[in-house]
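Comments concern the structure below.
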Amino acid sequence: MTETKMLPASLEQFIKETSIVSFAPGRINLLGEHTDYNDGFVMPASIDKRMYFVLTPREDSTINLKSLDMKQDFSITIENLAKTDHKTWANYILGVVDGFIKKGLQVKGFDAVFTGNIPIGAGVSSSAALECAVAVTLNAYTNAGLDKSTLAQIAQKAEHNFAGVQCGIMDQFASVFGKKDALIKLDCRSLEHEYKPLKLEGASLLLFDSDVKHSLASSEYNVRRKQCEEGVAMVKKYVPLVDSLRDVSLEMLDKYVYPNDTVVYNRCRYVVEENQRVQQVAAFLEAGNLKAVGQKMFETHAGLRGLYEVSCKELDFLVSAVSDNPNVLGGRLMGGGFGGCTINLIKTDAVDEVIQQVGESYHKQYNKELKVYPVSIGDGATVIKNG
Ligand code: GAF
């Protein structure tokens, strides 16, 4: 038995002798938005806000699920496993169970309870955290010994098949592979990755939560992914070696996509430029040039707003509220878009002042309290008690 002291007190009564207990974190992303499903580059990190999952084995094939935060239960049997229209949160768990079964692993019934402190709908991937917590727990429960990449991929498939979002690998990868105080520079094609210690001399990362969640986020996400694929197909006719936007240059887009479809062109141009920005930001971080890092963050936001069209008025407001402030080095919407948080790089000395200014103007404009989360980078998914 290992460390269970860090667990939320509300879970304690559910932990039995045979229980497996795990956590998996949400994530931030410094740069590289909508590049993951284009075989590109991203720079996420796992945060110290987590989903905690307790699984207690059963002898039969029943799965009983309990969400402490939602105060809801859901039951199903392994034989009848399918996605549900009634409890969307259950799909994240059932999708991962399905992934294990599809790998030929035998999953027996279980009782599960979960809770977390990740803000929901804030663009910090509470759903990926739940999927990854389930994945590491089932890995222990089935004694499958699957490696971390496979677990992240099972979690990603759960999102595709049970939640209906054709997401890339970034969120699940960050949740499984995260490491305290490090960013992950990930190549989403090869899954090769490097940990980069996050050294922000004199600056801090803060999330500003717009408290907006648009219902079109999932459907528009899938549309963007399709538009990127359409762009690749247009280029591939002339350059057969091209498999994804990762392989495409701006010149190819000008030549083969622009004349056919200007919307598809804009989407693709954003992605090609964003991949370049990730490489530049990695170098700027290495050189300690935070001003240049911040500049790229603003450029990313401009691309997400103008070319990729995944922003919304509240996110644009939050970014423009900091863009002329000399104490703010960079800011942009983070994650899929259409709501959630902005990520901001702020001079540490001025953090309180900036929060106050932005909070006041946001409240004046939208009559909403600005929620602010300082970013603290914690470890990735961990089994903290295995029976
Ligand atoms: C969401 C998706 F789940 C990720 O895969 C990624 O595409 C992100 O949006 C945008 O960068 O979080």
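Table for the structure above
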quantity: Residue among Ile355, Gly330, Leu304 farthest towards the positive dipole end of segment 295-387, charges placed on Cβ; calculated: Leu304
quantity: Karplus-derived 3J(HN,Hα), 6.51/-1.76/1.60, for each residue of segment 193-206, Hz, glycine and proline x; calculated: 8, 10, 8, 10, x, 7, 10, 10, 4, x, 10, 9, 9, 9
quantity: Protection proxy ranking, peptides 134-145, 374-385, average beta carbon neighbours within 10 Å, highest first; calculated: 134-145, 374-385
quantity: Relative contact order [Cα under 8 Å, 6+ residues apart], segment 203-374, whole percent; calculated: 33
quantity: Using alpha-carbon coordinates, inclination of helix 351-366 to the longest axis of the chain, degrees; calculated: 90
quantity: Calculated FRET efficiency for the pair Ala292/Asp181, C-beta based, R₀ 25 Å, to 0.05; calculated: 0.70
quantity: Rounded tilt (10° steps) of 262-286 against the dominant C-alpha axis of the chain; calculated: 80
quantity: Sorted peptide list for 332-341, 348-357, 206-215, criterion being average Cβ within 10 angstrom, highest first; calculated: 332-341, 206-215, 348-357
quantity: Partners for Lys364 among aspartates and glutamates (Cα-Cα distance below 13 Å; same-chain residues under 8 apart left out); calculated: Glu314
quantity: Difference of contour (0.36 nm per residue) and Cα-Cα distance, Asn117 to Asp73; calculated: 14.0 nm
quantity: Per-peptide average of other Cβ atoms within 10 Å, ordering 276-287, 155-166, 79-90 highest first; calculated: 155-166, 276-287, 79-90
quantity: Within segment 65-98: backbone nitrogen closer than 12 Å to the Ser215 label point (7 Å, Cα to C-beta); calculated: none
quantity: DSSP-defined antiparallel bridges as percent of all bridges, the chain, nearest 5; calculated: 90
quantity: In degrees, nearest ten, helix 313-323 long axis to first principal axis of the chain (Cα); calculated: 60
quantity: The chain: translational diffusion in µm²/s, Stokes-Einstein, Kirkwood Rh over Cα pairs, 4 °C, 1.567 mPa s; calculated: 60
quantity: Separation of alpha-carbon centers, segment 153-175 and segment 323-387, rounded to whole Å; calculated: 24
quantity: Cross-link partners of Lys83 among lysines (Cα-Cα below 29 Å; sequence separation of 8 or more within a chain); calculated: Lys16, Lys49, Lys66, Lys71, Lys102, Lys103, Lys108, Lys148, Lys157, Lys213, Lys226, Lys385
quantity: Cα-Cα pairs of segment 203-374 separated by more than 19 Å (percent); calculated: 59
quantity: Val212 long-range amide H proximity, modeled H, under 5 Å; calculated: Gly340
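Throughout, read-outs are computed from the coordinates displayed, never taken from laboratory work. Nothing here was measured: the structure is a model prediction, and the numbers come from that model. We place every Cβ from the backbone using ideal geometry, glycine too, and count neighbours over all the protein chains shown.
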